[in-house]
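Contents: one structure, followed by commentary.
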Amino acid sequence: MESSDEQLCRAVAERESGAFDLLVERYQERAYRIAWSVVRDREDARDCSQEAFIRLHESAGSFAGQSKFSTWFYRILVNCCLDHQRRRRGWRRLVGWRDRRADGPDEPDPVEQAPAPFTDPVDGMDTERRMTRVWALVDELSPQQRAAVTLSCREGLATKDIAAVLSVSEATVRVHLHRALSTLRRRLGDEG
Amino acid sequence: MKDVHVDEWLIDQVRGDLDPADRARVEAHLAACGDCRASRERFAALMAELARTAPAPPPIRWGAYRAELRERLERRTSGNGRLWAWLARPMPALAAAGLVAVLVMAGLPGGLRAPGTPDPLALDNTILASQLDMIARLDVVQQLDLLEDFNVIGELDELPEPGKS
């Protein structure tokens, strides 16, 4: 019988050979896709998702099994992505880079207001072909809102799981999603 | 009034992600509120479009991805990675800092000697100086019977200069 994610995670904690590779194979595509949804750059998404797997390997022993493994792992992953965005934001501030636009009047943390980074031209052309207008507008949301929209509308996570992943309350997730979708509706309406 | 609307619950209602009590409350409100019904329909259409049109990330080669991950993991858990991880822990870092401080102090002139302890280097210099003095006063030393007048050697300074006695 195939081992569950939770069993595999415990096996990783006990350093059983092969368990980590199995978890990586199960989650690599989802991890890379979610990371890309947040950081919007192929190399950064690759780097962040790999870093999440390394942290999983290091901290598998701390997985208490109180939540699903996927929720616990997504939390590690999203934290890696948001840390990455903060570091990037710090560097941009250091070299005088400024936001093109603010996302909304009631987002207090400027780090969270950073839109998706610019991509290199080749990657950008490739991405553009994949992007619909509505997802191009998702790119302009804050990383927290972008993560909430991705986890909800794309990965199908329940509000309580998104709350656990983003380390916020369920009420905050509802606010994030409501503001994000209201912003999208407004901008789509403006463009339409 | 705005606060009686259920705006922030509409998305969960569309997704079927409400517990029974909240679902009953939201549906009761929707039955009575045309604005919220219209808003719910717009959210539902937008969420359907987001789910249908979600972009695929640029493709990557999974074999290379896993090989790179394995390499990063090995680097992190051994060699430099392990050294840095060890050094990053508080106790080894403190111990290392202490060792560096001791080595620096030992390298400084006068370092690590308790107050009042003779400097071994200074003692060597004194012995050498006395030997130089003996060499300078070789004419006197050669006239001494060392076995009998050994103490004189320690008082060479007090002996009169040759030719002045």
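Derivation of every value follows stated rules applied to the coordinates shown; laboratory data play no part. On a predicted model such as this, the values are computed, not experimentally measured, just so you know. Quick reminder, even Gly has a Cβ in these numbers, built from the backbone with ideal geometry, and neighbours come from all protein chains shown.
Things worth noting here:
- Neighbour-count order for A:S17, A:S142, fewest beta carbons within 10 angstrom listed first: A:S17, A:S142
- Exposure proxy ranking for A:H57, A:H176, based on other Cβ atoms within 10 angstrom of each Cβ and starting from the fewest, stands as A:H57, A:H176.
- Ranked for footprinting exposure by Cβ neighbours inside 10 Å, fewest first, B:D22, B:D17 give B:D22, B:D17.
- Cβ neighbours within 10 Å from other chains - mean over B:44-56: 6
- Reciprocal mean inverse distance between Cα atoms of the range A:1-75 - Kirkwood radius, Å: 12.6
- Over the range B:2-53, relative contact order from alpha-carbon pairs under 8 Å, at least 6 apart, %: 43
- Cα gyration tensor of the range B:2-53 - equivalent ellipsoid semi-axes, whole Å, descending: 19, 13, 8
- Counting charges near A:K68 (Lys, Arg +1; Asp, Glu -1) among other residues having Cβ under 12 Å from its Cβ returns a value of -1.
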